[in-house]
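Participant: The structure is given below, and queries will be raised subsequently.
The values are calculated or read from the model by the stated rules, or taken from the named source; none is laboratory data. Quantities reported herein were computed from a predicted structural model and do not represent experimental measurements. Backbone-built Cβ (ideal geometry, glycine too); neighbour counts: all protein chains shown. What goes into the accessible areas is simple: the full protein's heavy atoms, side chains included, and nothing from ligands, DNA or RNA. Shrake-Rupley method; radii C 1.70, N 1.55, O 1.52, S 1.80 Å.
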Amino acid sequence: MEQRHLGRTGLRVSRIGLGTLTWGRDTDEHDAADMLKAFWEAGGTLVDTADVYGDGEAEYLLGQLMDGLVPRRDLVVSTKAGSVPDPDRRFDGSRGHLLAALDASLTRLGTDYVDLWHIHAYDPDTPLEETLHALDLAVSSGRARYAGVSNFCGWQLAKAATWQLAAPGSRTRLASTQMEYSLLQRGVEREVLPAALDLGVGLLPSSPLGRGVLTGKYRHTTPADSRGASEHLAPFVEPYLDDTATRIVDAVTTAADGLAVSPLQVALAWVRDRPGVAAPIVGARNAQQLTAALSVEALSLPDEICRALDDVSAPVHRYPDHDWSTL
């Protein structure tokens with residue numbers, strides 16, 4: 001698998017990443033092992049997790065598999081901290097919480113360091129410089145090799161990345177930002193992606209298949225074994241089952257038929273090759289689904305197909321994103 005630099009850093013990652021959102025909850029240890037082995041054998045390196053996935057079970061399971069199935073040195077392990085199970089405070093970006101969470105993650109993962117550590121979301125109740133100081137301490141202590149953020153809007157990302165760049169040598173530059181991005185969700189193109197491109201921050205798209213909808217599986221019904229039929233994940237899928245999404249999925253399916261490939265491959269290739277994207281994070285349910293996603297490595301979409309998909313999925317961005325004189 002092709003390797004790409006993550007942002008303006010020396011870290012290289014596989015251009016498809018493996019997500020572990022469901023590990024330890026919907027994905028058991030056998031399916032996780034099959035997926036990790038298939039991913040590694042395909043040349044994949046970037047494995048993404050978080051301290052809250054499966055209440056810590058995803059990290060623990062990944063740690064167990066790295067202990068015997070796949071060499072730790074062959075993986076770029078990414079995890080996150082900052083989300084908390086508190087209805088009154090969803091995110092805790094305080095230095096104390098973040099560093100304690102990182103130590104707990106390292107214990108569950110069974111490793112001395114993570115290759116990439118993300119702040120899971122912006123915390124409006126903690127000064128940003130305090131949150132970012134936790135990244136500096138993690139990197140300077142060797143507990144994290146690189147650092148990034150997740151779910152920061154455009155001005156938050158620009159402020160954070162600029163703050164880090166203002167004191168080179170004492171602050172660690174942001175390597176990445178993880179955000180939802182697909183043909184069904186192009187909101188990052190408004191401000192996040194321009195900021196990331198300007199400041200040298202690599203984009204790691206989550207849900208690159210539109211929460212599974214872009215595979216075409218929901219065109220006529222909701223499969224019984226799908227996330228859309230799952231009690232706790234159905235609300236996650238439902239927003240992408242409207243008429244607008246249907247029109248986009250139909251276009252993806254038409255393109256796939258014309259290229260003799262699957263809708264999954266078309267949708268994933270589109271987001272993988274967007275400007276600023278380092279590696280879409282794919283969350284598969286089993287090794288068969290993952291293998292289907294990894295097969296996109298051999299596919300590059302023709303320009304005319306990309307333009308057609310761009311047109312059918314184009315979000316409406318007017319003032320102030322476009323030159324005011326043209327409005």
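Participant: If packing is taken as the average count of other Cβ atoms within 10 Å, what order do 115-122, 305-312, 287-294 fall into, highest mean first?
Facilitator: Numbers: 115-122: 24.1, 305-312: 15.5, 287-294: 18.6.
Ranked from most to least packed, the peptides come out as 115-122, 287-294, 305-312.
Participant: So if R0 is 51 Å, what FRET efficiency would GLU129 and ARG12 give, r being the distance between their Cβ atoms, rounded to the nearest 0.05?
Facilitator: Values: r = 30 Å, r/R0 = 0.58.
Efficiency, from the Cβ-Cβ distance: 0.95.
Participant: Looking at LEU62, ALA260, VAL271, which one has the Cα that reaches farthest to the positive end of the dipole of the chain (charges on Cβ: Lys, Arg +1; Asp, Glu -1)?
Facilitator: The one lying farthest along the dipole's positive direction is VAL271.
Participant: Continuing with the same structure: Straight-line reach only, C-alpha to C-alpha below 16 angstrom: list the aspartates and glutamates that LYS80 could link to, leaving out same-chain residues fewer than 8 apart.
Facilitator: Cross-link targets: ASP48, ASP51, ASP55, GLU57, GLU59, ASP92, ASP103, ASP112, ASP115, ASP123, ASP136, GLU180.
Participant: In addition: Which whole-number percent gives the relative contact order of the chain, counting Cα pairs below 8 Å spaced six or more residues apart?
Facilitator: Numbers: 583 pairs, mean separation 59.8, N = 327.
For the chain, the relative contact order is 18 percent.
Participant: Computing the accessible area with a 1.4 Å probe over protein heavy atoms, can you report the carbon and sulfur percentage for the chain?
Facilitator: Working: 7250 of 14520 Å².
Taking all protein chains in place, the chain shows 50 percent carbon and sulfur surface.
Participant: Quick one: dipole size for the chain, taken about the Cα centre, charges +1 on Lys/Arg Cβ and -1 on Asp/Glu Cβ, in debye to the nearest 20. Can you show the working numbers first?
Facilitator: Working: 30 positive and 44 negative charges, 141 e Å.
Magnitude of the dipole: close to 680 debye.
Participant: Starting from the 7 Å offset along Cα-to-Cβ, what nm value, one decimal, do you get for the label separation of MET1 and ASP55?
Facilitator: Between MET1 and ASP55, the label points sit 3.0 nm apart.
Participant: Take the alpha carbon atoms of the range 249-327, find their center, do the same for the range 55-121, and report the distance between the two centers in whole angstrom.
Facilitator: 30
Participant: A further question on this structure: Arranged from highest to lowest average of other beta-carbon atoms within 10 Å per residue, in what order do the peptides 274-285, 248-259 appear? Numbers along the way, then the final one.
Facilitator: Working: 274-285: 22.3, 248-259: 18.6.
Result, highest mean Cβ count within 10 Å first: 274-285, 248-259.
Participant: Hey, what's the range 117-162 come to in accessible area per residue, 1.4 Å probe, Å²? Please report the intermediate quantities before stating the final value.
Facilitator: Working: 1700 Å² over 46 residues.
Per-residue value: 37 Å².
Participant: What FRET efficiency comes out for THR221 versus LEU299 if R0 is 45 angstrom and r is the Cβ-Cβ distance? Round to the nearest 0.05. Can you show the working numbers first?
Facilitator: Numbers: r = 27 Å, r/R0 = 0.60.
After rounding to 0.05, the efficiency reads 0.95.
Participant: Tell me the label-point distance for the pair CYS153, GLN288, using the 7 Å Cα-to-Cβ offset, in nm and rounded to one decimal.
Facilitator: Using points 7 Å along Cα→Cβ, the separation is 4.3 nm.
Participant: What does DSSP give for the chain in terms of the percent of beta bridges that are antiparallel, rounded to the nearest 5? Walk me through the numbers before you get to the answer.
Facilitator: Working: 5 of 33 bridges.
That works out to approximately 15 percent antiparallel.
Participant: Any idea of the accessible area per residue across the range 226-319, 1.4 Å probe, to the nearest Å²?
Facilitator: On the way: 4570 Å² over 94 residues.
Ligands and nucleic acids excluded, the figure is 49 Å² per residue.
Participant: How many nm is it between the label spots at ALA100 and LEU137, if each spot is 7 Å from the Cα in line with the beta carbon?
Facilitator: The answer from the label model is 1.2 nm.
Participant: VAL114's amide H: which non-local residues (gap 5+, or another chain) put their own amide H closer than 5 Å, with H modeled 1.01 Å from N in plane and none for Pro or chain starts?
Facilitator: Amide H neighbours of VAL114, under 5 Å, 5+ apart: ALA144, ARG145.
Participant: Could I ask something else about it? If each DSSP helix of 4+ residues adds -39,500 (n - 2.57) and the sum is divided by the residues in the chain, what number results at 222 nm, nearest 500 deg cm²/dmol?
Facilitator: Numbers: 11 runs with 123 residues, N = 327.
Here the helix-only value at 222 nm equals -11500 deg cm²/dmol.
Participant: Would you mind getting me the FRET efficiency between ASP67 and THR162? Use the beta-carbon distance for r and R0 = 51 Å, nearest 0.05. Kindly include the intermediate steps, with their values, before the conclusion.
Facilitator: On the way: r = 40 Å, r/R0 = 0.78.
Working from the Cβ atoms, E equals 0.80.
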